[in-house]
Amino acid sequence: MSDSHSTAQPDHEHSGGGTAMDVGSGLPEFLTQDYLRYTQEDHDIWKLLYSRRRDALRETGSAIYLSGAEWIGLEPDRLPNLNHVNARLAERTGWAAVGVGGFMPPVQFFRCLAARRFPTTLTVRPRAKLDYLPEPDIFHDVFGHVPLHADPVFADFLQHFGALAAVSPGEKETAEMARLFWFSVEFGLIKEGGRTKVYGSGLISSHGDAANALGPKCERRPFDLDAVIAQPYEIDRMQDVLFVVESFEQLFAAVETLGNRRKPNV
Ligand SMILES: [Fe+2]
């Protein structure tokens, strides 16, 4: 069963608002991570989750993910300090992981992405729910998502994705953006050195989902924008169709294409 997936909850109903906005405005208030309040149990759970995924990811994880995780300084035995993580990200892409209390309405979430802010859950899952948690936690968000924000191409893609998603004019466009998010940010695969590797956070942070994604029960198709935005998905089951990019430039181009399609013909 899947690990928690998306702060964005791509299937969640959008406001449908099509009002353009200045990037960086209208952001919610963020929470400060009070690092000293984490207990030893919190750190121990991180250590356990980290150790269970890290060895497997050396084999199955994207090299871009692995180098990003190293760049932001993820440590095996203690929870990440977002001040340290963000100082590293600032040097390379200007992204930052910012604390939030839980679910955030999709439009707010996308506005954050457009401002290179990644809403991050600060709490760690309880030991009783190591393998499945319906909502995101710091392991899913920081271990799963944030390392890719150190990659300049992925960083640009995600910002542009947020800017476009935040102003989706209707249900059709909203659904397309949700599918693109799902099949890239959450469950994306990438071809590296002739092998298919995982990079989506739902795969990075979940052993079961990653094994399924690379196994015989999942059909891996070449990434094609029109195929992706026509492909339905279900959030609470193993995926039977996923998409493989050749590089993150494909994701950036996909957002550009969607943006151009929205422009009125002249
Ligand atoms: Fe996620």
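No value in this document is a laboratory result; all are computed from the given coordinates. In this text the structure is predicted, and so the values were computed from the model without any measurement. All Cβ positions, even for glycine, are placed from backbone atoms using ideal geometry, and neighbour counts span all protein chains on display.
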Ordering 175-182, 77-84, 29-36 by per-residue average of other C-beta atoms within 10 angstrom, highest first, gives 175-182, 77-84, 29-36
Relative contact order in percent for the range 35-260 (Cα pairs under 8 Å, 6+ apart) equals 20 percent
Per the rule of 0.36 nm per residue minus the C-alpha distance, extending A227 to K263 adds in nm 10.9 nm
Among G61, G101, G188, the residue with the largest mean-square fluctuation in a Gaussian network model of the chain built from Cα contacts under 10 Å is G101
Given pairs K172/K197; K197/K217; K129/K217; K172/K263 and cut-off 22 Å on Cα-Cα distance, the over-length ones are K172/K197; K129/K217
Row for the chain, column shape: gyration tensor on C-alpha, a ≥ b ≥ c, rounded if a/c < 1.5 i.e. under 1.5, prolate if a/b over b/c, else oblate; value oblate
Here the FRET efficiency for M238 versus T196, based on Cβ atoms and R0 = 22 Å and rounded to 0.05, is 0.85
Percent antiparallel among DSSP beta bridges confined to the chain, nearest 5, equals 30 percent
Residues I204, I229 in order from fewest to most other beta-carbon atoms within 10 Å are I229, I204
Each label sits 7 Å from Cα toward the beta-carbon; between E29 and R52 the label points are separated, in nm, by 3.6 nm
To the nearest 0.05, the calculated FRET efficiency linking Q40 and F103 through their beta-carbon distance, R0 being 25 Å, is 0.35
Checking rank on 236-242, 94-100, with mean other Cβ inside 10 Å and highest first, the result is 94-100, 236-242
Computed for the range 196-266: size of charge dipole around the Cα centre, +1 on C-beta of each Lys and Arg, -1 on C-beta of each Asp and Glu, debye to nearest 20, value 120 debye
